[in-house]
Each structure stands twice: as structure tokens, then as C-alpha cells.
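Undergrad: Quick one: the structure is below, questions incoming.
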Amino acid sequence: MPINEHLGAASEVKRLELLATRIRRDSMEWVTKSKVGHVGGALSVTDILTAIYFGRTYDEKKQVWEPVLVNDPLQPLWPERDRVILSKGHASPAWYTALAHAGYFSKEVLKIYRKIDSPLEGHPIMYQAMARDGGMEEHGIRGVDFNSGSLGHGMSVAAGMALNAKAYGHEYLVYALMGDGDLQEGMTWEALMCIPNKGLNRVMAFIDYNHLQVDGRSDDLQCLDPLADKLKAFNWEVREIGGHDFSQILDCLHYFKTSRKDCRKPLMVVANTVKGKGVEICEDVCAFHAVPLSPEQFGAAARDLDRRMDALESELKSLGRPAETAPRRTRKTVSLKPQSLDEIIANNPAPDYDKPTATRLGYGSGLARLGEYRPVFVLNADLASPCGTDAYIAKYPEHAADPLFRRSMNLGVQEANMVTMGAAMASCGKMPFVHSFGIFITGRAWEMVRQDICYPNLNVKIVGSHTGIALGEYGVSHQSIEDVGVMRTLPNMSIVEPSDARQADLLMNSIMRHEGPLYLRLGRNPTEVFYRADNPYKVPLFEEFELGKGYKVRQGSDLTLICSGPILAEALKAADMVTESVAVIDMPSIRPLDDELVASEARSTGWVATVQDHYIRGGLSDEVLSSLAASRISCRFDAIAVEGYAKSGSAADLYERYGLSARRIVERLGLSLKQE
């Protein structure tokens, strides 16, 4: 029996209309008092939010009413809870008010919306609770499962959370809400393509289709129609409804909850709504997108809403007591089998490397070596082999017969979607590694790294391969020289660039122990292995490498060269070519930097020069300079770096042309060549 046949007897529609009216009134009151906030989109999405948080579905077999949402406001981080993602984060006034009415926090908190130290920021911040100093430190707002604000991210978040459920056996459902603006972002369509293609059918999305945006009517600015046809072409099951009709909204929710075992497609609901719904002066008026009501306007609207609530309360009294709601459904708790990462590391030593090997392959070996650690999940964007992940994928393929081994996924050329999916998985307690060429994962996906990884400080490992001008013949479009600089601008980000394959492999021990965002910079070409027995440079054979540590590989008293990455070979060659006594530091950890070692060397030699295969601004040289300045150390300083875009050519030719070869390093520093 369709749920609509039960609604009249249960007074469901009137009950939800009353709640929605109350949410509209409350949200408009504190937005008006704060004098800032988005009105139109909050009012248009209120009915959908009300149905999700307060709606009920009818179980025919048990003959009981159950809440739509399986959640627990008293346990906002319960792993088995349904997730709600508000992609149109500017509608936060309605969402915050719904959460307060649902019991996630006191309604008194609404009064400090957007105030300093208020958890109710202009755009929602995910709730996190962290152990600190013997207690728990909370951040964000209870009930918010992920950050929101920058349009177009929400469907990728939903995809990542649904992937976590599928890969690790959770039963929760994911509800996502979008607006017109979200659908004008290319990233949204990446996710809309990915979700059905990857069988993520536990996603239900609503489009708050009110046809208005900041600058006018969406039909004039960027028409989306025929929207339903486009979504069907992307393999979604699509329903079109009136977005303020609770009977239709509940029917969709009921269908979604009861059809997941049988329907492989995710469900998209195109909800035709009116921007500013419920406040007559705001309805279908673009000007109220981000402008609050004046006190006088709110006063008139409040009187109308109060009258509406009085009428609904009277109707509900005449209809009698509503049917009882069954207790919230319980779900089995899915948890990973306890593992000791330290034991995995101890039981899986790195192999020896006796011939030139690309750092990307050393990384790939380390990833596969430690891949049995179950929180690890590998995401690729059509560059699995170039990024060194073949060995891991062979062990943990996307379509493995045993679900416990399905811990990788290739998303095709979708860097932005991939990064945010990884962030969403990290919010569920996993350790995703996301891969692409350095220029794409730090360039195209930079905003996603900022918004979805660094701000919430999530444990995502961002792997950029084929970096620097050493990439060679690929040309400028692929030679990632700005990547270190753009990652250095981000709070919470660690940056690592190994110098050889063995170091890349061993660094995985430290990288996997590290909690938080990390960018791992890798090279394409086979390069010398410095950290092996009988290496020609007499580099000490270190057995461990740690974040925050540099390694002195050559003693010297006149000058210290500090390098990151395989360009260490050029620095060592340069040190051998000159009469000066040159110390060489291998600094794989660009951030955090080994400040103590930098300070010691600067005091010892009085002359520091950085050598880096990336752009001179924002990279290793700036990190070292900042360290020297913080230590108040005065010394001579030089930077050997890429100073602009290069050309296509071999790595050797490009290093010589652009001043990074050993000979050019000697020349640029004015050192004296040994006599032959």
C-alpha cells in the first residue's frame, strides 16, 4: 500500500506542516535579529528538511510508524546513523533550526548565529569530537555530517559516504540536498555520473528546484532543463514532485527506504519549489537570496506564520492524537577488526633497491606492503599505474570476490570528485589515498583540498606523481612546479618529497602513522637509489625516515645544500665537483621541516642554499627561509630552483637549461671547480 493511503488517518501532513511553519518562523527570527543570512533558499528547502528529520514511514508488515531518519541526536557520531548532506550550505538557517528542533542542541544556540565563537557559522561545519588534554574537544555543530558552503561539493560527499557504506558493510542511507547553483558546477556532474556507475544506490538526492540564484533566474543564466531527462541519462531513477507537498515528499522517502535491496539505481527527486516559500514578501523574489528581512518585514511575516500555526494546531486537535512512533530502528554496529599498525609495519619490511627506480614505484611498494591495514582505501583518477598503485590494486581490486578486499576504486578522470569522496571516507574514520599527477591533484582539485580536507583536518593522503621539470617530455601542461607552493599555503597540510625509491617505501611507515592531511610528491623517472649499500655517493644507509626529519648525507664546513626529492643527485655531484667543503642535507619532509637541523647547519657553515625541482616561490626555499627567520639566524642564503615555465625535453637537458644540473648549481653559486 502506498504510504499516502495512511497519511490522512495519521495526521502526518498537518503535523509536518505545523513543524515546517514553526521552523520557518524561528529561522527567520534569528536571521533577522543577526542582520545577516540567506533567506530565500532556506525557506524553499524547509519542507524537505522537515520531512527528512521529522517525517515517518509506515511498515506494512509490522504495522508501525517509523522515523524516516535512523539517527540519535544524543550520539551525533554514531557510525551507523543515516547521513544528511546539505550541498546548498547557504540554506543553513533552516537546517540549523531543524537540528535544534530535532534535539541536537538547545534552541538557545540559535540566538548566536554567525556570532564570534558560535558553532553556527554562516555555512555549516561538520561536527567533530577529539580527545585533548584529558577531555573531549568539540568542533562544529552536532548533526552536521560534513562541511558545506562551496557549491558543487555535496554529491561527491554523498558518494564518498555511500562508498564507505558499501566497502565496509554499513547499512546507513545518505540523503543529499542540492540547489540550482550546485547543478551548474561540473564537479556535481562528476559525482552524478559516478554514483550510479559504481553502484552506490544508498544515495537519495533532492534538488530544491526554485529557479532562482544570486544574480537572477537560473533559466536565464544557465538553464538546466530538461533536467529530469539529463539525470535519467546519467542512470538515476528520477521522480518529479511538488517540493512543498508533504504527501509527495513522504512517498519518495518511503519508496527509497523500502526499495534499496531491489533497486540498483540511486534516487533523484526533482522538487519544484518556490524560493522564499511561506513568507509572501520573499516568494519568488531573487533579492531575498542573501538579504534578511527588516524588523518590520519580519513582524508582518511572523504574524502570518503565527496565524498559520494556530490554524494547524486547531486542525490537529480535531483530528485526534497521532499514531505512535515505533522506537528508532537499531542497526548492527560494523567495526573493523582491531589491528596494530606497528605490527603490520614490523612484519612487512621494505625490500632492497639495487637499481634506479622511480620514487612513485617505491611508494607503490610501501602502499602494497602495508595495505592489509583495513582503514586504507585507494582512489585513482585514471592514472593507477602511473601513480604506482598497481601492486596494491592487485591485492585489493575493486571487484574482488571477497568484499573485505574491495579497497580500491578507479573513478576515471574525476580529480575533484575523487578528492572530496576521499574526504568523505576520512570523515567516516578511513585513511584514503587519492592519486593523480601532481599538477591536477593540487591544481584542479585545490579548492576541494582546502574546503573538504584541510579545514576539517581530515586524514587524507594526497599523492601527486610525475612532478617537477624532471617529468621532461610531457611539457609544461604536466610539469608540476607550483604544487609545493600551493600546498604550503594550506593550514594543517604536511608535505613530503622522497629522494629515492627506498626512502619513498620506508616513509610510508611514518605517513600511515601520521593523522591529518598530507601531500606526497613523487617523480616519474627511474632515479638513483642513494640509500643502499655501496652507493657511489657514500650516503649513510638510514633504516628509518620520519616526518619532520632531515638527513645529513654529506659533511661540509663552507656551504650547506638542502634538497628535497631526486634532485639530491645533482647536489651530491655538485659537492664532489668543487674545492669548497659542502654539506648536503636531504630534506624529504618539507613540512614539517627539521628546524633544528636547518639552524644547526646555518650556524655551522654560515651559508645555506636550497636546491629544488619546483617553483622558487612558495616551495622548499621559502620554508627554509621562514625557519631561519623564526630562529633569528643570520647567514648567506641562495635558492636554486625553477624560476618559470620550462619546455619539453629530457630531464637532463631541462636541468641543464634551467640551472638545476650539478654543473649549473656550481656555476650559479660561484663555486670553484676542482682541477682535473
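The values are calculated or read from the model by the stated rules, or taken from the named source; none is laboratory data. None of the values given here were measured: they were computed from a predicted structure. Cβ atoms come from the backbone with ideal geometry, glycine included; neighbour counts cover every protein chain shown. Note: areas computed on protein heavy atoms with side chains; ligands, DNA, RNA excluded. Shrake-Rupley method; radii C 1.70, N 1.55, O 1.52, S 1.80 Å.
Undergrad: With viscosity set to 1.306 mPa s at 10 °C, what whole-number translational diffusion coefficient in µm²/s follows for the stretch 542-662 from Stokes-Einstein and a Kirkwood radius over Cα pairs?
TA: Numbers: Rh = 14.5 Å.
The estimated diffusion coefficient comes to 109 µm²/s.
Undergrad: What lysines sit close enough to residue 552 to cross-link, taking a C-alpha to C-alpha distance under 29 Å and skipping anything fewer than 8 places away on the same chain?
TA: Cross-link targets: 355, 461, 538, 573, 674.
Undergrad: Next question, about the same structure. Among the GluC sites (Glu not before Pro) in the stretch 138-217, which ones are in a DSSP loop with at most 16 other Cβ atoms within 10 Å of the Cβ? Mind listing them?
TA: On the way: sites: 138, 171, 185, 190; in loops: 171, 185.
Hits after loop and neighbour filter: 171.
Undergrad: For the stretch 358-438, report the % of Cα-Cα distances exceeding 19 Å. List each step's numbers first, then the result.
TA: On the way: 992 of 3240 pairs.
Tail of P(r) above 19 Å: 31 percent of Cα pairs.
Undergrad: Another question, if that's okay. Looking at the chain only, what percent of DSSP beta bridges run antiparallel? Nearest 5 please.
TA: Numbers: 18 of 77 bridges.
The antiparallel proportion sits near 25 percent.
Undergrad: Quick one: what are the phi-derived ³J(HN,Hα) couplings along the stretch 91-101, Karplus 6.51/-1.76/1.60 with θ = phi - 60°, whole Hz, x for glycine and proline?
TA: Working through the residues one at a time gives 7, 4, x, 5, 5, 4, 5, 4, 5, 5, 5 Hz.
Undergrad: Just to confirm the number: angle between the C-alpha axis of helix 12-34 and the first principal axis of the chain, 0 to 90 degrees, nearest 10?
TA: Relative to the chain, helix 12-34 is tipped by roughly 60 degrees.
Undergrad: Sort the following peptides by mean Cβ neighbour count (other Cβ atoms within 10 Å, averaged over residues), highest first: 64-74, 585-595.
TA: Values: 64-74: 17.6, 585-595: 22.7.
Order by mean packing, descending: 585-595, 64-74.
Undergrad: Another one. How much of the accessible area of the stretch 601-676, in percent, comes from carbon and sulfur atoms when a 1.4 Å probe is used?
TA: 45 percent
Undergrad: Which one of 553, 531, 568 is farthest out on the positive end of the charge dipole of the stretch 524-616, using unit charges on Cβ (Lys, Arg +1; Asp, Glu -1) and the Cα centre as origin?
TA: 568
Undergrad: Find the Cα radius of gyration of the stretch 546-594, compare it with 2.2 N^0.38 Å by division, and give the number to two decimals. Intermediate results must be reported in sequence, preceding the final value.
TA: Values: Rg = 10.8 Å, N = 49, 2.2 N^0.38 = 9.7 Å.
Scaled against compact globular proteins, the figure is 1.12.
Undergrad: Which cross-chain or sequence-distant (5 or more) residues have an amide H under 5 Å from the amide H of residue 565, H modelled 1.01 Å from N in plane?
TA: It is 499, 587, by chain and number.
Undergrad: What pairs in 166/430; 261/332; 166/337; 198/332 have C-alpha atoms more than 21 Å from each other? Can you show the working numbers first?
TA: On the way: 166/430 13 Å; 261/332 17 Å; 166/337 17 Å; 198/332 24 Å.
Over 21 Å apart, Cα to Cα: 198/332.
Undergrad: As I understand it, the value is the acute angle between the Cα axis of helix 415-427 and the longest principal axis of the Cα atoms of the chain; what does it come to in degrees, rounded to 10?
TA: The angle comes out near 70 degrees.
Undergrad: log₁₀ I(q)/I(0) of the chain at q = 0.09 Å⁻¹, via Debye over equal Cα point scatterers, no solvent, to two decimals?
TA: With one equal scatterer per Cα and no solvent, log10 I(q)/I(0) is -0.80.
Undergrad: By per-residue mean of other Cβ atoms within 10 Å, what is the highest-first order of 120-127, 314-321?
TA: Details: 120-127: 20.9, 314-321: 11.1.
Those peptides, ordered most packed to least, come out 120-127, 314-321.
Undergrad: Would you please name the trypsin sites (Lys or Arg not before Pro) within the stretch 558-650 that are DSSP coil residues with at most 10 other C-beta atoms within 10 Å of their C-beta? Let's see the in-between values first.
TA: Working: sites: 573, 603, 617, 632, 636, 647; in loops: 617, 632, 647.
For trypsin sites (Lys or Arg not before Pro) across the stretch 558-650 that sit outside H, G, I, E and B with at most 10 neighbouring Cβ atoms in 10 Å, the list reads 632.
Undergrad: Given +1 on the Cβ of Lys and Arg, -1 on the Cβ of Asp and Glu, and no further charges, what dipole in debye does the chain carry about its Cα centre, rounded to the nearest 20?
TA: Values: 76 positive and 87 negative charges, 231 e Å.
For the chain, the charge dipole is close to 1100 debye.
Undergrad: Tell me, what HN-Hα J-couplings in whole Hz come from the Karplus equation 6.51 cos²θ - 1.76 cosθ + 1.60 at θ = phi - 60° for each residue of the stretch 70-76, using x for Gly and Pro?
TA: Residue by residue, the stretch 70-76 yields 8, 8, 8, x, 7, 10, x Hz.
Undergrad: Also: What full-extension length gain, to one decimal in nm, is calculated for residue 323 and residue 304 as 0.36 nm per residue of separation minus the Cα-Cα distance?
TA: Numbers: separation 19, 0.36 × 19 = 6.84 nm, distance 2.89 nm.
In short, 3.9 nm is gained.
Undergrad: Now, a different point. Kindly express, to the nearest 10 degrees and within the range 0 to 90, the angle between helix 40-54's C-alpha long axis and the longest C-alpha principal axis of the chain.
TA: 80 degrees
Undergrad: Radius of gyration and Dmax for the stretch 76-123's Cα atoms, expressed in Å?
TA: Expressed in Å, the Cα Rg and Dmax of the stretch 76-123 come to 11.4, 33.
Undergrad: Roughly what % of DSSP beta bridges within the stretch 57-196 run antiparallel, to the nearest 5?
TA: Numbers: 8 of 12 bridges.
Antiparallel bridges make up about 65 percent of those DSSP assigns within the stretch 57-196.
Undergrad: Would you give the gap between the C-alpha center of the stretch 540-560 and the C-alpha center of the stretch 276-335, rounded to a whole Å?
TA: 65 Å
Undergrad: So what is the orientation-averaged projected area of the stretch 343-386, using the convex hull of its C-alpha atoms, in nm²? Don't skip to the answer; put the middle values down first.
TA: On the way: hull surface 15.0 nm².
For the stretch 343-386, the mean projected area of the Cα convex hull comes to 3.8 nm².
Undergrad: Which loop-located chymotrypsin sites (Phe, Trp or Tyr not before Pro) does the stretch 631-665 contain, where loop means any DSSP state but H, G, I, E or B and the Cβ has at most 16 other Cβ atoms within 10 Å?
TA: Numbers: sites: 637, 645, 655, 658; in loops: 645, 658.
Taking the stretch 631-665 and a limit of 16 other Cβ atoms within 10 Å, the loop chymotrypsin sites (Phe, Trp or Tyr not before Pro) found are 645.
Undergrad: For the stretch 545-552, take each phi angle, set θ = phi - 60°, evaluate the Karplus expression 6.51 cos²θ - 1.76 cosθ + 1.60, and give the result in whole Hz per residue in order, putting x for glycine and proline.
TA: For the stretch 545-552, the Karplus curve yields 9, 10, 5, x, 10, x, 9, 7 Hz.
Undergrad: What does the helix-only formula give at 222 nm for the chain: each DSSP H stretch with n ≥ 4 adding -39500 (n - 2.57), the total divided by the residues, and the result rounded to the nearest 500 deg cm²/dmol? Each step should come with its number before you reach the end.
TA: Details: 21 runs with 235 residues, N = 676.
Taken over the chain, the calculation gives -10500 deg cm²/dmol.
Undergrad: Pull up the cross-link candidates among the aspartates and glutamates for residue 115, meaning alpha carbon to alpha carbon under 20 Å and not fewer than 8 places away within one chain.
TA: Leaving aside aspartates and glutamates fewer than 8 places away in the same chain, those within reach of residue 115 are 26, 29, 137, 138.
Undergrad: Next question. How large is log10 I(q)/I(0) at q = 0.18, 0.22 Å⁻¹ when the Debye formula is applied to the Cα atoms of the stretch 38-156, each weighted equally and without solvent?
TA: Ignoring solvent entirely, the Cα scatterers give -0.99, -1.38.
Undergrad: Considering the Cα trace of the stretch 284-439, what is its radius of gyration and what is Dmax, both in angstroms?
TA: Gyration radius and largest Cα-Cα distance of the stretch 284-439: 27.2, 85 Å.
Undergrad: State the dimensionless ratio Rg/Rh of the stretch 357-495 (Rg: radius of gyration of Cα atoms; Rh: Kirkwood radius). Can you show the working numbers first?
TA: Details: Rg = 14.4 Å, Rh = 15.1 Å.
Here Rg/Rh amounts to 0.95.
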